[in-house]
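Okay, so here's the structure we're looking at.
The values are calculated or read from the model by the stated rules, or taken from the named source; none is laboratory data. What you are looking at is a predicted structure, and each value in this text was computed from that prediction instead of being measured. Note that each Cβ is placed from the backbone with ideal geometry, even for glycine, and that neighbours are counted across all protein chains shown.
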Amino acid sequence: MPEKEAKGGSPDLVTQILRYIDEHYEESIAMEDLAELLDCSISYMSRVFKAQVGTSPIDYLIQIRMDRARERLASTEWSIQKIAQSVGYADVYYFSRLFKKQSGLSPIQFRKRAEIQREVQHIPSARSTLSIVSESPFLYSIDENENHYYEEGDTEKAMYRDKKTSLAAVMLLCLTLLLSACQTGGNQGSPANQPSAAQSPSTHAGTKDSNKADGTRVYKHLRGETAIPKQPKRIVTAFHVGQPMALGVKPLGSSTYILQNPAIDTKGMEDLGVPLNLEKITSLDPDLIILIDAYVESGGGYDAFSKIAPTIVIEPYYDPVKDIALMGDILGKEEEAKRWTEEFEKKIVAAKKQVNEAIPANETFTIVSFFEKSPRVYRDQNMGGNILYKYLGLKPQQKVLSDLINSGQKPPYSEVSAEVLSEFIGDNLFVAVNDGNRAAFESFKKTGIWNNLGAVKNGKVYTIDYDLFLQSDPIAVTKQVDLLTNILTGKNK
C-alpha cells in the first residue's frame, strides 16, 4: 500500500511539525495523532523530518522538553513533579531518568549546580525590568503554592535580594570547575550532556572582559565560555532575529521557520534551512554564531559551529524586554537596548492612557483561536494576552482569570470544548486567525454557540493575525501593541 504523503510538500510538513511541537510540547503528543493531524503516514512524516532536521520528531520533542525543563529548574522553585508535568511528563520518575540520560545530571543535581552559580556570582533571579508592568491594576505571583492576581496596593513590591555566598558553595563550585577542567581540557565549554544553567541578562553582563586588547571578550553561555567580538557585526542566528534588528544589527541569515516572522523584513537574509546548513553559514563568513539548544545537535553539534566562528548557545526568554537586554549585552549595544526599553515603556504608558479613555473600567476580555479539534483560550503569555492583561492592565474574563491565568499551568493556552466556551468569553473577544485555522473559525461562526455569545451580539469581536501575535521579539511586540491599541480605541474601524 503506497504511503500517504502530506498535503503541501515536505518542506511545509517539516515546518508544521516544528511549529506544532514548539507550541504543544507541554501536552501528551502521540506520533500517530500528529501524523493524522498532518494527513500523512508516520513513516513518511518521520523520514522527511529526519532528512531535513537530522533527528526524528520524537527525539526533537524530547530535546525541546529537556531544554524547557532545564530552564525551569534553573529559574523557578517549582517541584520536580510540577516541572515534569509542565513539559509533558505525568510520571516524575520517568522524567527524572530521561533528564539524567539527556543531561548527565539528575534534575536535583542540575538545580543545585544552578543555585551554586547564582550564589557565587550574586545574581538576582531573572525577571522583566519593564517598570510599567507593575502599573497594571493586576499583579500576580508565581509562587509555587500561591498563584493569583492581587488588586494593586494589596501587596508590596518584590525586591531583589542578593544571597550571601556560603563557604560550602564556593568550595563546591571550585571542585566543580576543577573537575570540568580535567574533563574538558581547556576552554571548550561544557559537553553536550552537561549543559550549563540557563542564563539571565545579568549573568552575561558579568562575563565581560573589557581589558582584552584584541577587541574580544570572554562570554559565558550554555556550552561554556567563548571569546567573542566586543561588537559583532556579521552575525548568524538560529532563533533571534527581531532582537538584534531592533538594535540595528541585521543578521546575515537564520533558520527557515524564524524567517517566516511576518513582523520582520528578512529581505537579503540567507535562509539557512532546518537543520542549519553549515556550508551556507561558512560562506557568510560570520564573526559570531548565536544558537539555541534546539538547533545545536541537529546541525552537527557545537564543535561543528564553533569551527566556523565563535559560537554561543543561549536560552530565549520570550519576553521583549529581557531578550533585548540579553541581545544588547551580546552585541555590545547595552545603551541601545536601554533606550529601546525606555521608548517601549513610553509607548505602553501612552497606549494605556488611550485605552483607558476608550474602554469602560469593568469591561472584560478573552482571546481565543479555533481549530478543528477544539477552541483554544489564551492566558497572559502570548497571542496578545501579555499586552492586554499585563501591559495595558485590562481585565481578563473571570473564568479566564481563575481557571487559566491563576491555575499555575505553564502552557500559554487551554483547549476547551465548544459546549463550555461561552463560560470563558468576556465582553470583548479577540480571535486569532491564520490560513491554518481560518476554515475552522468560519465553520464555528455558523453555530448557535457563536451567535449567542454576548460579544458577538454586541459587535465586540475583533480578529488578529495569529502568525504575528505568536511572535515575542521586540519588533513584533511593538507592532502588536500598536494594532491592539488601534482596535481598542476604534482607529481600525
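If the Cβ limit is 6 Å and pairs must be 6+ apart or interchain, which residue in region 98-115 that is within 9 Å of residue 70 (Cα to Cα) pairs with which residue that is among the β-branched types (Val, Ile, Thr) and at pLDDT 90 or above? So the pair list comes out as 107/80. When every residue of region 199-206 is checked against the conditions, none turns out to be modelled with pLDDT of 90 or more and surrounded by 20 or more Cβ atoms within 10 Å (Cβ to Cβ).
Pairing residues of region 228-253 that are more than 13 Å from residue 269 (Cβ to Cβ) with residues that are assigned to a strand (DSSP E or B), at Cβ distances under 6 Å and at least 6 apart in sequence or on separate chains, gives 228/219; 228/288; 229/216; 230/217; 232/288.
Scanning region 358-390 for residues that are buried (at least 21 other Cβ atoms within 10 Å of the Cβ) and polar (S, T, N, Q) turns up 366, 369, 382, 386. With respect to residue 469, is the statement that it is modelled with pLDDT under 95 and either aliphatic (A, V, I, L, M) or more than 29 Å from residue 356 (Cα to Cα) (or both) true? The answer is no for residue 469. Looking across region 466-483, the residues that are assigned to a helix (DSSP H, G or I), surrounded by fewer than 24 Cβ atoms within 10 Å (Cβ to Cβ) and in contact with a Phe, Trp or Tyr (Cβ under 9 Å, 6 or more places away or on another chain) come down to 476, 478, 481, 483.
Per-residue answers, yes or no, for (1) part of a loop (DSSP other than H, G, I, E, B); (2) under 30 Å from residue 221 (Cβ atoms); (3) not assigned by TED's automatic domain parsing to the domain that holds residue 27:
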site: 341; (1), (2), (3): no, yes, yes
site: 346; (1), (2), (3): no, no, yes
site: 354; (1), (2), (3): no, no, yes
site: 357; (1), (2), (3): no, no, yes
site: 377; (1), (2), (3): no, no, yes
site: 380; (1), (2), (3): yes, yes, yes
site: 383; (1), (2), (3): yes, yes, yes
site: 401; (1), (2), (3): no, no, yes
site: 406; (1), (2), (3): no, no, yes
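Considering only residues that are closer than 27 Å to residue 13 by Cβ and not charged (D, E, K, R), which ones fall in region 415-449? Of everything in region 415-449, those that are closer than 27 Å to residue 13 by Cβ and not charged (D, E, K, R) turn out to be 431, 432, 433, 434, 436, 437, 439, 440, 441, 443, 444.
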